[in-house]
Ligand code: PGA
């Protein structure tokens, strides 16, 4: 049985006091989620990682939104894995479509980062997903397969079992236009078949999340699908009320 996971992607939102307020206010809902066997977490900006770790219950997973694969050196503007680990961060999102679009992040680059994270015993959350044009051309599966095969290239089955995948159709992110549960399940089921081909039985333990306009009122629909193991949520993860609604929807 794969444990359900809710991960809030805060993107470039919240100042430190705002992040602290969320962290201080989420205790009860995190406890509720844990009691129901659900993993919950948030991915703040780099500057908000410390306040969240300091003020949130330790059960709240705290993820970075990016990392550099080199341990240190002349990489201006970058943050390394040892820096994240030193402050207690064990998870990291990679390959989000916004980073692919605005920062030129490729699946090849993600592959290097994923390998570096796994070598450091951290958990990568690897995002994939197609554009509207690709979706409308009926090429979603081949596009996403390429992202998966490249991003997870050369991993052992044991390593792959530790990775979390997030399928986020770009046309559904922040648009209010979520994919139907059938579309999400169809693609996520396909991703699992690709993982099975690459890693055998380990594919059954890899958690695959859906993301893209997930809200408290639609999260339960996705969770009813056999291959969907949770959600990566942007906008609806920002307020305590909405985050609580997401947890309640997951538990339902
Ligand atoms: P959204 O973003 O929930 O605001 O659509 C999801 C994401 O980009 O991770």
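How about the stretch 126-154: which of its residues are in a loop (DSSP other than H, G, I, E, B), away from the ligand (no atom under 16 Å from the Cβ) and surrounded by fewer than 20 Cβ atoms within 10 Å (Cβ to Cβ)? Reasoning before the result, please.
So in the stretch 126-154, the residues in a loop (DSSP other than H, G, I, E, B) come out as 129-131, 137-139, 152-154.
Keeping just the survivors that are away from the ligand (no atom under 16 Å from the Cβ) gives 137-139, 152-154.
Of everything in the stretch 126-154, those that are in a loop (DSSP other than H, G, I, E, B), away from the ligand (no atom under 16 Å from the Cβ) and surrounded by fewer than 20 Cβ atoms within 10 Å (Cβ to Cβ) turn out to be 137, 138, 139, 153, 154.
Of (1) in a helix (DSSP H, G or I); (2) more than 11 Å from the ligand (Cβ to nearest atom); (3) surrounded by fewer than 21 Cβ atoms within 10 Å (Cβ to Cβ); (4) touching a residue at least 24 places away in the same chain (Cβ under 8 Å), residue 188 satisfies all except one. Which?
Going through the list (1) in a helix (DSSP H, G or I); (2) more than 11 Å from the ligand (Cβ to nearest atom); (3) surrounded by fewer than 21 Cβ atoms within 10 Å (Cβ to Cβ); (4) touching a residue at least 24 places away in the same chain (Cβ under 8 Å), residue 188 breaks only (3).
Residues being within 16 Å of the ligand (Cβ to nearest atom) and either assigned to a helix (DSSP H, G or I) or touching a strand residue (DSSP E or B) at 6+ places or on another chain (Cβ under 8 Å) (or both): count how many of those fall in the stretch 23-59. Reasoning before the result, please.
Restricting attention to the stretch 23-59, the residues satisfying the condition of being within 16 Å of the ligand (Cβ to nearest atom) are 40-45.
With the extra rule that they be either assigned to a helix (DSSP H, G or I) or touching a strand residue (DSSP E or B) at 6+ places or on another chain (Cβ under 8 Å) (or both), the set shrinks to 40-44.
The total comes to 5.
Going residue by residue through the stretch 169-179, is there one that turns out to be away from the ligand (no atom under 13 Å from the Cβ) and either at pLDDT 95 or above or farther than 27 Å from residue 117 by Cβ (or both)? It would help to see each step written out before you state the result.
Taking the stretch 169-179 first, the residues away from the ligand (no atom under 13 Å from the Cβ) are none.
No, that holds for no residue.
Could you look through the stretch 202-219, keep only residues that are closer than 21 Å to residue 144 by Cβ and more than 12 Å from the ligand (Cβ to nearest atom), and pick out the one that is surrounded by the fewest Cβ atoms within 10 Å (Cβ to Cβ)?
Only one residue tops the list, namely 204.
Can you confirm whether the stretch 114-123 contains a residue that is touching a residue at least 12 places away in the same chain (Cβ under 8 Å), within 16 Å of the ligand (Cβ to nearest atom) and crowded, with 16+ Cβ neighbours inside 10 Å?
In the first step, residues of the stretch 114-123 are kept if they are touching a residue at least 12 places away in the same chain (Cβ under 8 Å); the result is 114-118, 120-123.
Okay, now just the ones that are also within 16 Å of the ligand (Cβ to nearest atom), so none.
Looking through the stretch 114-123, none of the residues is touching a residue at least 12 places away in the same chain (Cβ under 8 Å), within 16 Å of the ligand (Cβ to nearest atom) and crowded, with 16+ Cβ neighbours inside 10 Å.
Out of everything in the stretch 220-237 that is within 13 Å of the ligand (Cβ to nearest atom) and within 15 Å of the chain's Cα centre (by Cα), what residue ends up being nearest to residue 35 (Cα to Cα)?
Just the residues of the stretch 220-237 that are within 13 Å of the ligand (Cβ to nearest atom), to begin with: 222, 230-237.
Then keep just the ones that are within 15 Å of the chain's Cα centre (by Cα); that gives 230-237.
Details: 230: 16, 231: 18, 232: 20, 233: 21, 234: 24, 235: 25, 236: 22, 237: 20 Å.
Filtering the stretch 220-237 for residues that are within 13 Å of the ligand (Cβ to nearest atom) and within 15 Å of the chain's Cα centre (by Cα), the one nearest to residue 35 (Cα to Cα) comes out as 230.
Of all residues in the stretch 155-168, how many are in a strand (DSSP E or B), surrounded by fewer than 24 Cβ atoms within 10 Å (Cβ to Cβ) and either in contact with a helix residue (DSSP H, G or I) (Cβ under 6 Å, 6 or more places away or on another chain) or free of Cβ contacts under 8 Å to residues at least 40 places away in the same chain (or both)? Full working, then the answer.
Pass one, the stretch 155-168, residues in a strand (DSSP E or B): 164-167.
When the remaining residues are screened for being surrounded by fewer than 24 Cβ atoms within 10 Å (Cβ to Cβ), the result is 164.
Add one more test, that the residue is either in contact with a helix residue (DSSP H, G or I) (Cβ under 6 Å, 6 or more places away or on another chain) or free of Cβ contacts under 8 Å to residues at least 40 places away in the same chain (or both), and what stays is none.
Going through the stretch 155-168 one residue at a time, the tally reaches 0.
Looking only at the stretch 227-250, which residues are in contact with a helix residue (DSSP H, G or I) (Cβ under 7 Å, 6 or more places away or on another chain), touching a residue at least 40 places away in the same chain (Cβ under 8 Å) and surrounded by fewer than 20 Cβ atoms within 10 Å (Cβ to Cβ)?
Across the stretch 227-250, the qualifying residues are 227, 240, 244.
The values are calculated or read from the model by the stated rules, or taken from the named source; none is laboratory data. Note that the structure is a prediction, hence the values are computed from the model and not measured. Ideal geometry is used to build each Cβ from the backbone, glycine not excepted, and the neighbour counts take in all protein chains shown.
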